Structure formats: structure tokens, C-alpha cells
Amino acid sequence: MVGWAIALHGGAGDIPMDLPDERRIPRETALRHCLDLGVSALKSGRHPLDVTELVVRELENHPDFNAGKGSVLTTQGTVEMEASIMDGKTKRCGAVSGLTTVVNPISVARLVMEKTPHIYLGFDGAQAFARAHGVETVESSHFITPENIARLKQAKEFNRVQLDYTAPTPNLPEVSGDSQIGTVGCVAVDSAGNLASATSTGGYVNKMVGRIGDTPVIGAGTYANHLCAVSATGKGEYIIRATVAREVAALMEYKGLSLTEAAAYAVEQSGPRGCCGLVAVSANGEVAMPYNTTGMFRACATEDGYTEVAIWPKN
Amino acid sequence: MGRWAIAVHGGAGIDPNLPVERQEQAKQLLTRCLNLGIAALRSNVSAIDVVELVVRELETDPLFNSGRGSALTENGTVEMEASIMDGTKRRCGAVSGITTVKNPISLARLVMDKSPHSYLAFSGAEEFARKQGVETVDNDYFVTEDNVGMLKLAKEANSILFDYRIPLGCAAGAAVTDSPLQMNGLPISIYAPETVGCVVVDREGRCAAGTSTGGLMNKMMGRIGDSPLIGAGTYASELCGVSCTGEGEAIIRSTLARDVSAVMEYKGVGLQEAVDYVIKHRLDEGFAGLIAVSNKGEVVCGFNCNGMFRGCATEDGFMEVAMWE
């Protein structure tokens, strides 16, 4: 019997090393808080599906991460959220896209997995399903933060799609300036070897309405099987074509790589520098959190007492 | 210079009692599409272009479950999805929730070529289509009388119905007793996904794949299946091109299309062995089929269910259209 392990992320990207304290500390605190929640749940014997869902719900509720409240805005200034969840033992999965009023998209993804014969529901159909199941919804203005309004304005002025960070530059509107990077996720394994992965996001700043990224695509942003559970973050288009989350498991299965090697290789092969990061746990209770971006908001803990909350590479 | 190869499919999982007339129509359509692709390949059209034009033909013909002739949602409307992938640089494009675009595969191609994204859906995809000047029609265009009848039967059976091609007049109830075979929890006589797809390798050794579908009969609004998901229903790499069909859940969970390539890349085996392996070991209790080509000019079909509508051809003159083992 091996120990439990959990890892979570709040997004990988170009997080500047000189991030001011008032931006950095709330996020580190949130990561630590979510880690504690997840660890408690694992210690009480909750199944990794429950653990990853509750951690991601917490991250969705936090306005400083790009998921749920605090999601980045589409080119029309609206919010379109997506999420997916997967159970390693059974490989059952659920995914949603295009949610606009649901407080916790990850929970709808779980409902799709458990209450429908389908895997993936999108847009109006997903919203209708959520309503039919009495899932908590609010006015879409609830999700929109001033930082993201400013970020959208800036992106439009740059007239490009970007991950939601831009360094403040002269003559541009003062963006509240923080490195709120795309996507949140959590992976967990319990001592019985049950594995699960959950990922949630608002997507890209200034994205086209209807744009779907890697997060709800099983095998891209989320994957879990009997060997490992993976949640990826970064530039969706690269993660999709490289099937990053699946890649970690495939490398372990087909090439016999360890979790650490497989995770590192998957990130490295996903695309150019700056395109992705991931968190992963193995059935053996190992953790890996590689990224090829400047930083990745992350945290992990294992049963033997190791914990880590970090943003940049450890020196 | 390599040798070209092409394969097309019209769905995995066929009722053994399917009327001969329908079997003939299917074979004729597959033959026609194969010939279209072959002519293009002989004129050195690139793999990605061949995939698109062949899938367009399959979408336009109302016989299979894509474009016109798509299965209907629970509301009697059509919501189509498709994906396309170019193995050379692993570029890809996908669409879901398409209701007015005549050829979803072409819209998927435009997403790949003309947008900064890989996957667009529902109203956003339709808006993109309008901006691109793509041919659009009313949703009615895609709805066939056969499918309207089918939807009624499905609702009576109160279950998810895959696209079913037996002519109207047979009650859903009779179907339950007709055959002991099952797919997706339903008697095989009322299961026939008939998703369409095409995979091609051209003379330059470039692989490409495309898949298109209307999805499940009586599906929930907004339901997305495996066909538009890169890695599940469609995948192409430098080594191969793959298009899958069958039980959507099984294909998604097993990332079936991606796994063919992954097995070749990481275990160093050839196409036939990779296809055999994933069909045998990746589907667990699920039923599905796939077509695949390799950059070496090989073409392979594999399925673990009762039949798959398929056709394949290679440059050295081999050509086959088949339905059963």
C-alpha cells in the first residue's frame, strides 16, 4: 500500500519574477489553503474524485485565478467557462464548455459524467442541463473582475490573443498588473491507488466566442488512468495537438518511463518554450509538476509529509 | 517518392439484418468517395485536401450520419461536429454544434487555417462561418424523413439511439428481440453510428485524417462526442493518420486515435500491429472501429464490433470496399 498524494495548479505562464507582494501573497495563500483542503479530504478517506472536485471548486471561487470567478473574458467581454474531470480506475469522464452562469463548472462536468449517458455537454445544452439539476447559478457579472476587463482592453489594443498576462507598458491602460494565468487543476491519488484529475478555466483573454481550449478535451488538458492522473495548463492549441495529459500516461505505459521522466518529456515535447505546464500524480504516490514557462502557480503534498507551494523554479 | 494510400469509413457496428438494398447503397457511396480520393491523389493533391474533399462528399450524401442525413437531437434538430488534422505539423481544427454550415469538415479546416484557435463551437463557430463566407443553409436541409421517423422510434424506446438505417415500418420493439448483439447497451439493430471519416497519406508521405458526424439519435442538446475531439476520434502525426467511429465514450476514454500513433512512436511497431493492439487492448468493454494510414503507404482497418462500413485503396492498385469481417 502506498501513500496518498495531491498536486494542484493555478496556471502556468509568463509570471514575472518581480510580481509585487500584493499580487503574489494572496495567490500563495490560496494555493496553500486549497492544498490543506485537499490533504484533509484525503486524510479523511475521501475518494480522489471528491478531492479534486472540491479543490477545483475552491480555485474556481477564488477571483485571482482564471476559472469560475475571475475567468478571463471573450472578445465580447463575456465569460465562457469550461472544465473536465476523469476517474483513473474506470476512465469515466465528464466535460463541459461554454458555461456562462454556473458558479462551479467542475461540478457540472462531474454531473455530466455521473448523471448522463454522455461525456461532454456544451453551451446552451450544458447550461440547460445545469439548470435542470439545480446547480448554483448567478448573474454572469459575478464572474467578471475589473482586472479582467482591463486585461481584455489591453489585449484588444494589442490586437492579439494572449494568455492573460501582460507586463504594464507605457501609454497603455494601467492593468491591475498581475499574472493571472490560465486554468486551474488538481490531481490526487489515495492509498488504494484511486486516481482522479480535474481542470477548469475561463480560457484565453480576447478569445473568439465559442472557442474551446484544451481544458475540456479529455487527453489534452485532463487525463487519468490506472497509472497516473494529469492536469495541464498553458496554451490550449499546443496542448490539444500534443495530447499532453494523455502523453504522460502513454510514455509511462509504452516506454516504461517514470512519472517524473514522462511528465518532463511531455512538457518538453508539447511545443516551444512558454507553452505549458502540468501537475501529475502516480498510482505509487509520486508527484511531478514540470513546466516550460517562466512560472506555474502550484502546490503539492504527499503522505510522507512533503509539501510545497511555489510559483517559480526552486533555486 | 512514397506511395499514396486512402481509407474511408461510414461507421462501425452494423445490424446483421440490414436490408441488402441499404448495404448496396452504402457500398456504392464508399466506392464513389474512394474513387474521388484516388483521382485526387493521382493528381498529386495533398493529403489534407484529399481528406477534406472526400469527407465533404460523405457529408453531402444523405446516406450516412453526417451533414445531410445527420442523426437528430432530442428536439428534432441537427447539431453536427467534425475535426481534421494534418500530420505534418500536427495542425488541427474542430467544430461542434454546427447547425447551418453545409460542410462541417470544411469549417473545421478553416478553424485550423484561418483562426488563432483549434476548436470552435455553437454560435461562435456559426459566426466564424458567416465571416468566412462559408455556404450555409437552414437546419431543415440536414433533416431527412427517415431520421424524423427514427427519432420517433427512439423516443418510444426511450433510449439513446444511434443512427439506424433500417427503413421505417419496423418497430423499435421488434428490434430488441431480433438480435442478441449489443452496442452501447442497445440491440445492435438499433445502433449504427455511421459517423464518417477519411484518412490519407500522399506521395510525399504526409498523413492526414478527418471525421464528421451528426452524433447520437435523440442526443441531449449540446452533447459533444468523440468525432471533434483531437486524440479521440481523429489524429494525425508524421507517422500516421487515424479516424475512429463507434461508441463515443469508449473512443474518448481510450484516446483511440492518438493511441495508434503513440504505440507506433513509443513502441516502435508498424501500423498493423499498432491498430491491432489498440483495438484489442484499449477499448475495454467498448465497441469501436478505425481506419488508419501510415507514412509508408500502408492502410489498415480495425474494429471489435459487428462490421464497419469501409473502403481502402493503395497506389499499387489494391482496392476494397467492405462491411463485415
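In Å², and per residue, what accessible area does chain B have when probed at 1.4 Å with the other protein chains present? Could you put the intermediate results ahead of the total?
Values: 10790 Å² over 325 residues.
With all protein chains present, chain B gives 33 Å² per residue.
Which one of A:GLY88, A:GLY256, A:GLY122 has the biggest mean-square fluctuation once chain A is modelled by GNM with Cα springs under 10 Å?
Evaluated over chain A, the most mobile residue of the options is A:GLY256.
Relative contact order of the stretch A:207-315: what whole-number percent is it, with Cα pairs under 8 angstrom and at least 6 residues apart? All intermediate terms of the calculation are to be shown ahead of the outcome.
Details: 207 pairs, mean separation 21.6, N = 109.
Rounded, it is 20 percent for the stretch A:207-315.
Determine which aspartates and glutamates satisfy two conditions relative to A:LYS91: a Cα distance under 14 Å, and not lying fewer than 8 residues away in the same chain.
A:GLU114, B:GLU249, B:ASP284, B:GLU285
For A:ALA301, what is the net charge nearby, where nearby means another residue's Cβ is under 14 Å from its Cβ and Lys, Arg count +1, Asp, Glu -1? Please list the in-between numbers first.
On the way: positive: A:ARG32, A:LYS43, A:ARG298; negative: A:ASP36, A:ASP190, A:GLU286, A:GLU303, A:ASP304, A:GLU308.
Counting the neighbours of A:ALA301, the net charge comes to -3.
In vacuum, with every alpha carbon of the protein assembly as shown counted as one equal point scatterer, what does the Debye formula give for log10 I(q)/I(0) at q = 0.07, 0.08, 0.10 Å⁻¹? Two decimals, please.
Here the Debye-derived log intensity ratios amount to -0.39, -0.52, -0.81.
Just check the stretch A:76-147 against the gyration tensor rule for me: Cα atoms, a ≥ b ≥ c as the square roots of the eigenvalues, rounded for a/c under 1.5, and otherwise prolate or oblate depending on whether a/b exceeds b/c. Before the final figure, lay out the partial values.
Numbers: a/c = 2.35, a/b = 1.83, b/c = 1.29.
Judged from the Cα gyration tensor, the stretch A:76-147 comes out prolate (a/c at least 1.5, a/b above b/c).
Determine the shielding of peptide B:226-235 by partner chains: average, over its residues, the number of Cβ atoms on other chains within 10 angstrom of each Cβ. Walk me through the numbers on the way to the answer.
Working: counts 3, 0, 3, 11, 8, 13, 8, 0, 0, 3.
Average per residue, whole number: 5.
Using only protein heavy atoms and a 1.4 Å probe, how much accessible area in total is buried between A and B, to the nearest 100 Å²? Spell out each step's value before the answer.
Details: alone 12120 and 12470 Å², together 21180 Å².
Counting both chains, the buried surface is close to 3400 Å².
Based on the Cβ-Cβ distance of A:SER40 and B:LYS152, what FRET efficiency does E = 1/(1 + (r/R0)^6) give at R0 = 51 Å, to the nearest 0.05?
Working: r = 52 Å, r/R0 = 1.02.
For R0 = 51 Å, the calculated efficiency reads 0.45.
Over 15 Å apart: what share of the alpha carbon pairs of the stretch B:266-325 falls there, rounded to a whole percent?
Numbers: 945 of 1770 pairs.
That fraction is 53 percent.
Between A:ASN61 and A:ASP124, what's the calculated FRET efficiency when r is the beta-carbon distance and R0 is 22 Å? Round to 0.05. Intermediate results must be reported in sequence, preceding the final value.
On the way: r = 24 Å, r/R0 = 1.10.
Once the sixth-power term is evaluated, E becomes 0.35.
For peptide A:83-90, compute the average count of partner chain beta-carbon atoms within 10 Å of each residue's beta-carbon. Can you show the working numbers first?
On the way: counts 0, 0, 0, 2, 1, 0, 0, 2.
Averaged over the peptide's residues, the number is 1.
Picking from A:ASP36, A:ASP214, A:ASP21, which is most flexible by a Gaussian network model of chain A using Cα springs under 10 Å?
A:ASP21
Take the alpha-carbon positions of the stretch A:204-315, form their convex hull, and give its projected area averaged over all directions (one quarter of the hull surface) in nm².
Average of the hull's projected areas for the stretch A:204-315 equals 7.5 nm².
Per DSSP H run of n ≥ 4, the term is -39500 (n - 2.57); total these for chain B, divide by its residue number, and report the mean residue ellipticity at 222 nm rounded to 500 deg cm²/dmol. Let's see the in-between values first.
Details: 9 runs with 107 residues, N = 325.
When only DSSP H runs of four or more count, the value is -10000 deg cm²/dmol.
Which whole number gives the average, over all residues in B:253-262, of C-beta atoms from other chains lying within 10 Å of the residue C-beta? Walk me through the numbers on the way to the answer.
Working: counts 12, 5, 13, 1, 2, 7, 6, 0, 2, 9.
That works out to 6 on average.
What 222 nm value per residue comes from the helices of chain A, counting each DSSP H run with n ≥ 4 as -39,500 (n - 2.57) and dividing by all residues, nearest 500 deg cm²/dmol? Can you show the working numbers first?
Details: 8 runs with 100 residues, N = 315.
Theoretical 222 nm ellipticity from helices: -10000 deg cm²/dmol.
Give the calculated FRET efficiency between A:LYS156 and A:LYS115 to the nearest 0.05, with a Förster radius of 56 Å applied to their Cβ-Cβ distance.
Using R0 = 56 Å, I get an efficiency of 0.90.
For the stretch B:99-117, state which residues have at least 30 Å² less accessible area in the presence of all protein chains than in their chain by itself, taking the probe as 1.4 Å and leaving out ligands, DNA and RNA.
By number: B:PRO116, B:HIS117.
Tally up the carbon and sulfur contribution to the accessible surface of chain A as a whole percent, 1.4 Å probe, everything protein left in place. Each step should come with its number before you reach the end.
On the way: 5140 of 10390 Å².
So the carbon and sulfur contribution to the accessible surface is 49 percent.
Which of these, A:PRO26, A:PRO63, A:PRO117, has the largest mean-square fluctuation under a Gaussian network model of chain A (Cα springs below 10 Å)?
A:PRO117
For the pairs A:LYS207/B:LYS102; A:LYS43/A:LYS69; A:LYS207/B:LYS89; A:LYS115/B:LYS155; A:LYS89/A:LYS235, note any where the Cα-Cα span goes beyond 30 Å.
Those over the limit do not exist; all pairs fall within it.
Considering only DSSP beta bridges where both residues belong to chain A, give the percentage that are antiparallel (nearest 5). Each step should come with its number before you reach the end.
Details: 49 of 55 bridges.
Within chain A, antiparallel bridges account for around 90 percent of the total.
About the Cα centre of the stretch A:87-129, how large is the charge dipole given +1 on each Lys and Arg Cβ and -1 on each Asp and Glu Cβ? Please answer in debye to the nearest 20.
Details: 5 positive and 3 negative charges, 45 e Å.
The dipole magnitude comes to about 220 debye.
Just order A:287-297, B:60-70, B:11-21, B:107-117 by mean Cβ neighbour count inside 10 Å, highest at the front, would you?
Numbers: A:287-297: 23.2, B:60-70: 24.7, B:11-21: 19.1, B:107-117: 21.5.
Going from most to least packed, we get B:60-70, A:287-297, B:107-117, B:11-21.
Where does the charge balance sit around B:ILE105 when Lys and Arg score +1, Asp and Glu -1, over other residues with C-beta under 12 Å from its C-beta? List each step's numbers first, then the result.
Details: positive: B:ARG56, B:LYS102, B:ARG109; negative: B:ASP49, B:GLU52, B:GLU57, B:GLU59, B:GLU81.
That sum, taken over residues with Cβ under 12 Å, equals -2.
Among rounded, prolate and oblate, which fits the stretch A:1-128 when a ≥ b ≥ c are the square roots of the eigenvalues of its C-alpha gyration tensor, a/c under 1.5 means rounded, and a/b larger than b/c means prolate? Walk me through the numbers before you get to the answer.
Numbers: a/c = 2.32, a/b = 1.07, b/c = 2.17.
In terms of gyration-tensor shape, oblate.
The values are calculated or read from the model by the stated rules, or taken from the named source; none is laboratory data. This is a predicted model, so every value here is computed, not measured. Virtual Cβ from ideal backbone geometry, glycine too; neighbours counted across all protein chains shown. Ligands, DNA and RNA are stripped out before the accessible areas are found, and what is left, the full protein with its side chains, is counted by its heavy atoms. Shrake-Rupley method; radii C 1.70, N 1.55, O 1.52, S 1.80 Å.
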